[in-house]
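Contents: one structure, followed by commentary.
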Amino acid sequence: VLRPFTLHRPRTTDEACELLVRFGDDAVPYAGGTELLLLMKLGMARPRHLVDVKRIPGLGEITDAPGVGAAAPRLTLGATSTHRAVERSPRIQGRCPLVAATARHVANVRVRNVGTVGGNLAFADPHSDLATLFLTLDATIELVSARGRRVLPLADFVRGPWETARQPGELLTSVGLTPWPASTGAAYVKFGVYERPTLGVAVALQCAPGDPTGRVTAARVAIGCVNPRPVRVLAAETRLVGARLAELDDVLDAAAAAAVDGADPDDDLHGSADYKREMVAVFARRALRVAAARARGIVPPIRFPHAVVA
Ligand SMILES: Cc1cc2nc3c(=O)[nH]c(=O)nc-3n(C[C@H](O)[C@H](O)[C@H](O)COP(=O)(O)OP(=O)(O)OC[C@H]3O[C@@H](n4cnc5c(N)ncnc54)[C@H](O)[C@@H]3O)c2cc1C
C-alpha cells in the first residue's frame, strides 16, 4: 500500500532543484517510477514529496554534443530518455548501435516503456546493464543543482550498491557517451536466469581504419552485476592492445584471467563468488570473440544458454 504523498510537476530543472531543496529528505526525484514505486509499496522508501521530472521539456532529448578538440561529437542522452526511446532512436542506432541493441534487452517491455536512463543510473542497482556498457563508452554524468552544474565520470558517480556521488538537491540531467570509431567491433553479453542479469560483460576492440593486419589499437572491457559496482578492467584491456584480431585466441585466456582478477564477487542468490568468477572468464572470452568477429566484418554464431548477446 502506498502512503500518501504530494506529486509536484515542475516545468524546469531549476524548479525541480528548488523543490528538492525546499523539502529536503522528504522529497525524491520521480521518473518512470519502476524502482521508486516498488520501494514505496514495500515500505522501504517513504518520501512525502515526489518531484516528477518526466515533464521537464528537453530532459528526454537525445542529441549530439561537441567533441573535445579534434574528437568526434559525443552523444548526450537526456535523463528522462526511456529505454524504449534509446532502443528506437535513429541517432543512437546510427552512432552507437550497441547501446540501442542493449536497450532492447533491458527488463521487460513494460519497464522499458517508462523506465529511464537517468533513473537506472541514479538508482545504482548493481545489476544494471547500462552502467556496465556505458563504462566502455567513457560515460560522463551531468548533475544540476541550485549550486550549479557539474560533470563527473560514470566510474566516479556509481560508488557502490545503490550508492552514488549525487548530493542532496542534485538532479541527474544527462549522460554523455563517446561513440567508438567505425573500425570497432563491440559486444555486450548478459547472462542470468532471474529478472535482472547475473553478469554483464561489455567489450570493444578498436583497429586502425583500413589496417589489413587487423591489429587492436584500443580496447575496452567492463564487468558488471557480479561486483558491488561495475568496473572497467584496464589489465584486460592492456592484454588485448597490439593483438591481431585473427589471432585473438592467443591472448584470450590472459585477458579473461585479468577480467576475473578485476571482478570482486560475493556469494548471493545469483550464485557463489567462485561460480561468478568462472562465469566472468567464460563470458569475457565469448564477448571478445564476438567483438573480434564483428570487427572483421563476420557475423558470428551467437547462441549461449541463458544469455543475451547485444
Ligand atoms: C522487473 C524489472 C526488471 C529489470 N531488469 C533490468 C535489466 O535487465 N537491466 C537493467 O539495466 N535494469 C533493469 N531494471 C531496472 C530498470 O532499468 C530501472 O528500473 C529503470 O531504468 C529505472 O528508471 P525509472 O525512470 O523508472 O526510475 P525511478 O523508479 O523513477 O527512480 C529510481 C531512482 O532514481 C532516482 N531518480 C530518478 N530520476 C532521477 C534523476 N533524473 N536525477 C536524480 N535521481 C533520479 C529516484 O529518486 C529513485 O531513487 C529492471 C527493473 C525492473 C522493475
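Top mean-square fluctuation among Pro47, Pro66, Pro29, Gaussian network model of the chain, C-alpha springs under 10 Å?
Judging by the Gaussian network model, the answer is Pro66.
For the range 13-56, what is the largest minus smallest coordinate of the Cα atoms on each principal axis, given in angstrom and ordered from greatest to least?
Per principal axis, max minus min of the Cα coordinates gives 31, 20, 9 Å.
What lysines sit close enough to Lys190 to cross-link, taking a C-alpha to C-alpha distance under 28 Å and skipping anything fewer than 8 places away on the same chain?
Cross-link targets: Lys276.
I'd like to know how the range 1-151 sits against the 2.2 N^0.38 Å rule of thumb: what's its Cα Rg over that expected value?
1.08
Rounded to two decimals, what is Rg over Rh for the chain when you use alpha-carbon atoms and the Kirkwood radius?
That ratio equals 0.98.
Could you give log10 I(q)/I(0) at q = 0.20 Å⁻¹ for the range 18-103, computed by the Debye formula over C-alpha point scatterers of equal weight, without solvent?
Those come out to -0.94, one per q.
Looking at the chain, send over the antiparallel percent of its DSSP beta bridges, to the nearest 5.
85
Taking the number of other C-beta atoms within 10 Å as the exposure measure, put Leu38, Leu77 in order starting with the fewest.
Leu38, Leu77
Based only on other Cβ atoms within 10 Å, what is the fewest-to-most ordering of Tyr194, Tyr188, Tyr275?
The order, fewest Cβ neighbours first, is Tyr194, Tyr275, Tyr188.
If the elastic network links every pair of Cα atoms under 10 Å, which of Thr213, Thr184, Thr136 fluctuates the most in the Gaussian network model of the chain?
Comparing Thr213, Thr184, Thr136 in a Gaussian network model of the chain, the most mobile one is Thr213.
Please sort by residue number the GluC sites (Glu not before Pro) in the range 1-97 whose DSSP state is loop and whose Cβ has at most 16 other Cβ atoms within 10 Å.
Glu61
Treating only the Cβ of Lys, Arg, Asp and Glu as charged (+1, +1, -1, -1), what charge dipole size does the chain show about its Cα centre? Round to the nearest 20 debye.
So the dipole magnitude of the chain works out to roughly 880 debye.
For the chain, what is the calculated [θ] at 222 nm in deg cm²/dmol (nearest 500), taking -39500 (n - 2.57) for each run of four or more DSSP H residues and dividing by its residue count?
Using -39500 (n - 2.57) per qualifying helix, the result is -9500 deg cm²/dmol.
Hey, got a sec? Which trypsin sites (Lys or Arg not before Pro) in the range 233-310 land in a DSSP loop and have at most 16 other Cβ atoms within 10 Å?
Sites meeting the loop and neighbour criteria: Arg296, Arg303.
What's the exposure ranking of His83, His8, going from fewest to most Cβ atoms within 10 Å?
His8, His83
Each value in this text was obtained by applying a stated rule to the coordinates, not by laboratory testing. Note that the structure is a prediction, hence the values are computed from the model and not measured. Please note: Cβ atoms are built from the backbone with ideal geometry, for glycine as well, and neighbour counts cover all protein chains shown.
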